[in-house]
C-alpha cells in the first residue's frame, strides 16, 4: 500500500507530463519533479542528474540544496547509485548505506555521514535512451521504499522522460540539446549567484541559496533568472544585491 | 583532460598557421575554426567575441565568406549566433528552409545566398560569464548527429578556455573545470564571491583565481575551497 492519495498523484502526473509550454525551463521542471517526488514519498532529499553531451552525469536540480547534499550529487559523477542506474537502465532500490561501502567507497560513507540510511536511483529512460537518473534518499533506519512507492517514482521518472524526449522525436533533438546546454549553464549561474550573495551578505552559500530561492518564490520568477540577475545586474534586485 | 578535448586540441594543432596572420589569439582561433570545419564536415565555421550589450570585437573565421557572414549578422543585428548568445543556449538550425525566415528576415536570405543551408550556434559561456559565440555552417541541410553535437560543444569549450586564458595560459590548461570536477559547485561559488570582491566579471574572477593557483602552485579546487571557507579573499586592483 502507498500513503499517496490518488488525487494528489494524478495532479503531479499532469504537472510532470506538461512540458509543452512556451517558456519551458528545464531546471524549473526538474526542480518541480524533485520536489513533488520528495513530498509524495516523504523522502528527505531527491535529486536529478542528467547526462551531458559527453555522457557524464551532471547535477541539475534537487528538492533542497545544501553544500553537503550537493557534494553527494557531484560525487556520483564518478560512482554511486545514479551512475549504476544510468548505465544499467535499471533502478537501484533500498540500498543500505551502512553496507554499501564496498560498492560505492566514495559515495556511501559520505551519504551515511550526511545522515541518510538508504538510497535509491531511478533511470530516466525511454526504450533504449537513458538521459539521466533520479536520486531518492531515505533517513530512517529500516525505512525503505514500499513496492507501491517504487512503482510510483519509476512512473514519474518515465513520464518525465517521455515528456522531455517527445520534443526530440518531433524536432530531432535540437530542442532538448539546446535546453540541456542552457540548463547546465543555468546551474553554473546558480552557483555563481550563491557565491555573490554569500559575499555581499556575509552568509554561507547554503543560506545564500535559501535567500535566492525565497526571493524567486515571492516574486514568482524562475530561479535561473533571479540567479542571472544577481550576477549580471545586481541593481535590479536590491534586496539580494545589497547587504 | 578527457579524450574528446585531447582530440580537438590535436586537430587544432594540425592546422597550418595562416602565413599572413601574426601568432597569438587570432591565429589560434582561426585554426580552431578550420579544425572544426574538417571535424564536422562543415562548409564554414566562425567565432565572434561579444560583450554583454551585444557589441562584438574580434572575429575569427575559416574563410572570407564566413567572415563576411559573421560581420553581416552584427550589421543586421539578427541571426542564430546573436540569439544563442542572448538566450545562453545553443541555437541549432538543421534546415534554413524550415520556419526560420520570420525569425531572422534579413539574415536568412543573405545566408542562403552565400550557400548556407544549416547553421549551429554555440554560446561561449561559463555561467553568467559570456564571451562570444561559435558558429558552424553547412551547405546541406541536416541535423548534427549526437556525436557531432558533442564534438561541436567540445570545440566551443576549447574556444572558451582559449578566450578565458588569453595568450598567457595554453588552451590545454582548460578552464579549471576538469581539475575541479568533484568540487565544481564550490568553484563557481568561489567565482561568484570573487566577482563581488574585485567588482569584476565572471571571466575576470576566474582569471584571478587561476593566476593565484598558478602562482601558489596549488590546485584550483583548493583555492576555491579557501575562498568559500573565507580563508582567502581578493581585493580590487588598485587603479
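The values are calculated or read from the model by the stated rules, or taken from the named source; none is laboratory data. Note that this is a predicted model, so its numbers are computed, not measured. Neighbour counts are summed over all protein chains in view; Cβ atoms, including those assigned to glycine, are modelled from backbone coordinates with ideal geometry.
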Task: region A:64-98, residues that are part of a helix (DSSP H, G or I) and under 21 Å from residue A:129 (Cβ atoms) - done: A:81, A:82, A:83, A:84, A:85, A:86, A:87, A:88
Task: Boolean, residue B:35 is crowded, with 18+ Cβ neighbours inside 10 Å, at pLDDT 95 or above and out of contact with any strand residue (DSSP E or B) (no Cβ under 8 Å at 6 or more places or on another chain) - done: yes
Task: Condition check for residue B:208: in a loop (DSSP other than H, G, I, E, B) and more than 9 Å from chain A (Cβ to nearest Cβ) - done: no
Task: Conditions (1) surrounded by 19 or more Cβ atoms within 10 Å (Cβ to Cβ); (2) at pLDDT below 90: number failed by residue A:190 - done: (2)
Task: Qualifying positions in region B:125-147 - within 14 Å of chain A (Cβ to nearest Cβ) and surrounded by fewer than 18 Cβ atoms within 10 Å (Cβ to Cβ) - done: B:141, B:142, B:145, B:146, B:147
- [ ] Taking the options A:107, A:73, A:122, name whichever one is within 14 Å of chain B (Cβ to nearest Cβ), in contact (Cβ under 8 Å) with a residue 12 or more places away in the chain and closer than 23 Å to residue A:177 by Cα.
- [x] A:73
- [ ] Answer yes or no: is there a residue in region A:131-150 that is surrounded by fewer than 17 Cβ atoms within 10 Å (Cβ to Cβ) and within 11 Å of chain B (Cβ to nearest Cβ).
- [x] no
Open item on the list: Yes or no: region B:42-52 includes at least one residue that is outside any loop (DSSP other than H, G, I, E, B), surrounded by fewer than 16 Cβ atoms within 10 Å (Cβ to Cβ), more than 14 Å from chain A (Cβ to nearest Cβ) and in contact with a strand residue (DSSP E or B) (Cβ under 8 Å, 6 or more places away or on another chain).
Closed with: no
Task: Positions within region B:128-148 being within 19 Å of the chain's Cα centre (by Cα), in contact (Cβ under 8 Å) with a residue 12 or more places away in the chain and under 14 Å from residue A:177 (Cα atoms), in sequence order - done: B:144, B:148
Open item on the list: Being part of a loop (DSSP other than H, G, I, E, B) and more than 18 Å from the chain's Cα centre (by Cα) is the filter here; which residues of region A:114-127 pass it?
Closed with: A:115, A:117, A:127
Open item on the list: Checking residue A:7 against (1) under 20 Å from residue A:164 (Cβ atoms); (2) part of a helix (DSSP H, G or I), only one condition comes out false. Which one?
Closed with: (1)
- [ ] Give the residues of region B:214-231 that are without any contact (Cβ under 8 Å) to a residue 40 or more places away in the chain and surrounded by fewer than 19 Cβ atoms within 10 Å (Cβ to Cβ), sorted by residue number.
- [x] B:215, B:216, B:217, B:218, B:222, B:226, B:229, B:230, B:231
Task: Hey, residue B:180 closer than 21 Å to residue A:187 by Cα, modelled with pLDDT of 90 or more, within 11 Å of chain A (Cβ to nearest Cβ) and within 22 Å of the chain's Cα centre (by Cα) or not - done: no
- [ ] Consider only pairs whose beta carbons are under 8 Å apart and that are at least six residues apart or on different chains; among these, list those whose first residue lies in region B:79-103 and is at the interface with another protein chain (Cβ under 10 Å from one of its Cβ atoms) and whose second residue is at pLDDT below 90 and in a loop (DSSP other than H, G, I, E, B).
- [x] B:93/B:100; B:94/A:172
Task: Criterion violated by residue B:122 - all others in (1) more than 9 Å from chain A (Cβ to nearest Cβ); (2) at pLDDT 90 or above satisfied - done: (1)
- [ ] Scan region A:39-63 residue by residue and report those that are touching a residue at least 40 places away in the same chain (Cβ under 8 Å) and in a helix (DSSP H, G or I).
- [x] A:40
TODO: Just one of (1) assigned to a helix (DSSP H, G or I); (2) more than 8 Å from every other protein chain (Cβ to nearest Cβ) trips up residue B:196, so point out which.
DONE: (2)
TODO: Could you grab me the full set of residues in region A:128-162 that are closer than 16 Å to residue A:87 by Cβ and assigned to a loop (DSSP other than H, G, I, E, B)?
DONE: A:128
